[in-house]
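Trainee: Here it is, the structure, as structure tokens.
The values are calculated or read from the model by the stated rules, or taken from the named source; none is laboratory data. Just so it is clear, the structure is predicted and the values come from calculations on it, not from any experiment. Cβ placement follows ideal geometry from the backbone for every residue including glycine, while neighbour counts extend to all protein chains displayed. Just the protein is used for accessible areas: all its heavy atoms, side chains included, with ligands, DNA and RNA removed. Shrake-Rupley method; radii C 1.70, N 1.55, O 1.52, S 1.80 Å.
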Amino acid sequence: MKFECEKMLPDGSFLSTFYSGLEHRKKINGSQVRVIEYALKGAKEKYRLITNILVPEEAPAIELAQLYQERWEIEIGYDELKNHLKLPGTNLRSKTPELVIQELYGFFLAHYTVRTLMYKAALKKHIDPDSLSFIGTVRILRRKITTARFPP
């Protein structure tokens, strides 16, 4: 999407108008947005964050960009739980609300355990824990833990 700079703001962001669908061609029913363009350290590509917080004093561009990166850490955690810790295509097995909560706690504890092992391994090798693969760690654990058998 292209956003035209309608007004440059002091923090380096700018105001633009967002149009959806056919409204874009006619430039009607647009919503004013603030566009923040930034690059991550060591990355060549630029990222663009679009927000409805229009006043830079309420949320400076650099703070929003940093918080957006933190948001992705949460999204990655959800992905790890939902798609990689349990087998693909499987649902929770529990039939009562209490057992659903218990099963969820089990997944949370398993996730915490995998992440703790990753942290300890990274600490031992003096590397950033984020550089390790969650999926790779789960695969290693599945290969190493062969004695435990749980019902499907």
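Trainee: What number of residues in the range 124-133 are open to solvent by less than 70 Å² (accessible area, probe 1.4 Å) and in a helix (DSSP H, G or I)?
Mentor: 1
Trainee: Do we have K27 as open to solvent by 100 Å² or more (accessible area, probe 1.4 Å), within 30 Å of P129 (Cβ to Cβ), of a type in the set (D, E, K, R) and at pLDDT below 90 here?
Mentor: no
Trainee: Please state which of the following conditions Q32 fails to meet, knowing it meets all the rest: (1) of a type outside the set (S, T, Y); (2) open to solvent by 80 Å² or more (accessible area, probe 1.4 Å); (3) part of a loop (DSSP other than H, G, I, E, B).
Mentor: Condition not satisfied by Q32: (3).
Trainee: Among the residues of the range 78-94, is any touching a Phe, Trp or Tyr at 6+ places or on another chain (Cβ under 7 Å), outside any strand (DSSP E or B) and farther than 30 Å from R115 by Cα?
Mentor: Taking every residue of the range 78-94 in turn, none turns out to be touching a Phe, Trp or Tyr at 6+ places or on another chain (Cβ under 7 Å), outside any strand (DSSP E or B) and farther than 30 Å from R115 by Cα.
Trainee: Looking only at the range 44-66, filter to residues that are free of Cβ contacts under 8 Å to residues at least 12 places away in the same chain and outside any helix (DSSP H, G or I); which one of those is farthest from C5 (Cα to Cα)?
Mentor: Here the answer is K44.
Trainee: Return the residues of the range 5-29 that are part of a loop (DSSP other than H, G, I, E, B) and in contact with a Ser or Thr (Cβ under 6 Å, 6 or more places away or on another chain); say none if nothing qualifies.
Mentor: Residue satisfying the conditions is E6 alone.
Trainee: Kindly provide the set of residues from the range 56-77 that are open to solvent by 70 Å² or more (accessible area, probe 1.4 Å) and either touching a helix residue (DSSP H, G or I) at 6+ places or on another chain (Cβ under 8 Å) or of a type in the set (A, V, I, L, M) (or both), ordered by number.
Mentor: I62, L67, I74, I76
Trainee: Same structure again: Taking the range 62-117 as the search range and keeping residues that are of a type in the set (D, E) and within 16 Å of the chain's Cα centre (by Cα), which one is nearest to I135 (Cα to Cα)?
Mentor: Per the stated criteria, the residue is E80.
Trainee: So is G136 within 19 Å of the chain's Cα centre (by Cα), among the small types (G, A, S) and not in a loop (DSSP other than H, G, I, E, B) or not?
Mentor: Yes; evaluated as a whole, the condition is true for this residue.
Trainee: While we're on this one: With closer than 30 Å to R139 by Cβ and out of contact with any strand residue (DSSP E or B) (no Cβ under 7 Å at 6 or more places or on another chain) as the only criterion, which of Q66, Q102 stands out?
Mentor: Q102
Trainee: Could you grab me the full set of residues in the range 108-123 that are surrounded by 15 or more Cβ atoms within 10 Å (Cβ to Cβ) and under 11 Å from L81 (Cβ atoms)?
Mentor: Matches in the range 108-123: A110, H111, V114, R115.
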